[in-house]
1. May I ask you to list pairs of residues, at least six apart or on different chains, whose Cβ atoms are under 9 Å apart, with the first in the stretch 194-210 being on the phi < 0 side of the Ramachandran plot and open to solvent by 10 Å² or more (accessible area, probe 1.4 Å) and the second being within 13 Å of the ligand (Cβ to nearest atom) and of a type in the set (Asp, Glu)?
2. What residue, of Val53, Val110, Val83, Val136, is of a type in the set (A, V, I, L, M), open to solvent by 20 Å² or more (accessible area, probe 1.4 Å) and over 25 Å from Val188 (Cβ atoms)?
3. Mind checking which residues of the stretch 322-340 are over 16 Å from Ala418 (Cβ atoms) and basic (Lys, Arg)?
4. Only one of these conditions is not met by Thr281: (1) open to solvent by less than 30 Å² (accessible area, probe 1.4 Å); (2) over 22 Å from His354 (Cβ atoms). Which number is it?
5. Specify the residue that is farthest from Ala512 (Cα to Cα); the eligible residues are those in the stretch 298-322 that are charged (D, E, K, R) and touching a strand residue (DSSP E or B) at 6+ places or on another chain (Cβ under 8 Å).
6. Can you tell me which residues in the stretch 294-308 are surrounded by fewer than 20 Cβ atoms within 10 Å (Cβ to Cβ) and either of a type in the set (Val, Ile, Thr) or over 20 Å from the mean Cα position of the chain (by Cα) (or both)?
7. Please state which of the following conditions Trp35 fails to meet, knowing it meets all the rest: (1) touching a Gly at 6+ places or on another chain (Cβ under 7 Å); (2) within 13 Å of the ligand (Cβ to nearest atom); (3) at positive phi.
8. Could you pull out the residue among Ala41, Ala20, Ala3, Ala7 that is within 16 Å of the ligand (Cβ to nearest atom), within 20 Å of the chain's Cα centre (by Cα), touching a residue at least 60 places away in the same chain (Cβ under 8 Å) and outside any loop (DSSP other than H, G, I, E, B)?
Amino acid sequence: MTAALAAAHQGLKVVVIDGAATYGGSTARSGGGLWLPGPEAATYLQHVAGAEVSASRRDAFLKYGPDVLAFVREHTPLEFARVPGYPDYHPEAPGGLAEGRTVEPRPLPVHEVAADLGTLAAPYRAAPNGMAVTAVDYRWLSLGLRHPRSMLTAVRLAAGRLRGRRLTMGQALAAGLRAGLRAANVPVLLGTPMSSLIVERGRVTGVVAGPSGPRSREAGDRVEESSRPGQEASGSRQRGEAGTTGERRLRARRGVVLASGGFEHNEAMRRRHQGLGAEWTVGAAGNTGDGIEAGRRLGAALDLMDEAWWGPTLPLTGGPYFCLAERNLPGSLIVDGSGRRFVNEAAPYVDVVHVMLGRTGSGTHLPAWLITDRTYRDRYLFAGHPPRAPLPRRWFDAGVAHRAGSLDGLAQRIGVPAGALRETVERFTGFAASGRDEDFGRGDSAYDRYYGDPRQRPNPCLGALRKPPFFAFSLVPGDLGTKGGLRTDERARVLQTDGTPIPGLYAAGNAAASVMGRGYAGAGATLGPAMTFGYLAALDLAAG
Ligand SMILES: Cc1cc2nc3c(=O)[nH]c(=O)nc-3n(C[C@H](O)[C@H](O)[C@H](O)COP(=O)(O)OP(=O)(O)OC[C@H]3O[C@@H](n4cnc5c(N)ncnc54)[C@H](O)[C@@H]3O)c2cc1C
């Protein structure tokens, strides 16, 4: 949507298509945080992104990020606010900032986006009673009633409902961008999945799209009068019926921007590239890697396909739950099947899963369990459930959650050695008293402490596990979406393996391999670059 908005304001004729019946994809489900610093963040981004990301892409992202924010503010009803104190995810790394760089949309009154409210994709988790919960609020709400600010936040949110319904986080971002498109007269065709790219004389000149409904399409990319070697008219997969009723050919004089998200819901692609299935992602259901596949069939290079915006996730009966504050709050720890800790539980979510999956060289740590006690449960919000409120029985019936009156009983239920679990908890309880996690440094980083409990002394992330019953929750390697995809350059042009661009083809967001490499700079480090490279694609199209 940012690409389309920018292209329209560059004077181009634009159309947005989305395969889903709603607009917004994962963006509408998201926290809506944006990491869009300027060039001052260069040292830090280089550290986070690593050697796999070119300096030219990093620099372009940093240079144009602030412009994107200004552009979006000017051409949509969106306004943004800093998320105070939300640190970069590696604040102690060179150039990292403990006060953070993340911004988020200010609550957006629904009347400003009313025309397209009915087709806005659903949020990942709706706030109770239609409250307008921001990322800042979530931090305080997660503390239950432990902090005066938590109580004030709850009261303010309840009172805020009197001011009329307002959208926050990714709902505000997606709806605000959509409102900008409406104001710029850009059509958004829903239920219109792209099935293939049209190529003429070596240039991408459009897409074949639709019909909506069950995807009964795809016979590969149409190569019309192609003179480029290596292009094949037949796709590797057959979904049949391509070219039947309902398909449309949308011609693009300047080019096509693939912003079709990642492949988090494509089971076969995930198995092939990641050795994991699609069941634990919280990304949008429509993200099945179509854009990545379409580009690949034209000879585009792919990068980072084994990566995702990972996060430790509870495989709850109603769907996966992506853990944030639950891991940082005191009175919780994570063990693997040996009954031992293996990671700083409060570390940024991508990093925790890298360790779980054995990507850091210590072997895999699955299954994994989040262990807590009664005190933790009495104090804090847990997966959206208020402190003290009974947890759903179906979690226990399904074996996702376990409860026992003693640590030995809990160990038996989850099949880990009881002695090891007891030792782990005793050692951890010692760390809680001293305030130093000698094994993994939990609470040392400002990032860990952001979602800690400020009333917990001496370390806001470390608390004893003493009070029965004890709980264990299954933790799996989930994600917010995948982050590997089409290789692109600093102008968002899709590149072939020899480094040359495919004329007329651009990619942004999770359809493109991330400018963050295998890292995650801070909250908003997926949406910030997605919007920036969409914007840069539009500038290049307009210049073309
Ligand atoms: C719960 C949650 C919280 C998150 N919080 C944050 C956050 O605070 N900050 C942040 O930076 N990131 C966050 N993320 C990650 C972020 O939302 C995604 O990385 C980002 O939205 C990806 O943007 P995108 O434009 O690539 O894809 P999307 O926003 O998912 O859009 C892709 C669209 O393409 C459509 N599509 C797919 N295939 C086709 C096809 N063949 N034809 C036509 N259309 C197609 C889909 O239907 C979808 O609407 C969060 C994600 C989740 C799930």
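The values are calculated or read from the model by the stated rules, or taken from the named source; none is laboratory data. Computed from a predicted model, the values in this text were never measured in an experiment. Backbone-built Cβ (ideal geometry, glycine too); neighbour counts: all protein chains shown. Remember, those area values only see protein heavy atoms, side chains included, never the ligands or the DNA or RNA. Shrake-Rupley method; radii C 1.70, N 1.55, O 1.52, S 1.80 Å.
1. Final answer for the pair search is Met194/Asp290.
2. Working: Val53 fails: open to solvent by 20 Å² or more (accessible area, probe 1.4 Å); Val110 fails: over 25 Å from Val188 (Cβ atoms); Val83 fails: open to solvent by 20 Å² or more (accessible area, probe 1.4 Å).
The conditions single out Val136.
3. Within the stretch 322-340, just Arg327 meets the criteria.
4. It fails just one condition, (2).
5. Glu307
6. Correct list: Arg296, Gly299, Ala301.
7. Every condition holds for Trp35 apart from (3).
8. Details: Ala41 fails: within 20 Å of the chain's Cα centre (by Cα); Ala20 fails: outside any loop (DSSP other than H, G, I, E, B); Ala7 fails: within 20 Å of the chain's Cα centre (by Cα).
Within the list Ala41, Ala20, Ala3, Ala7, the selection yields Ala3.
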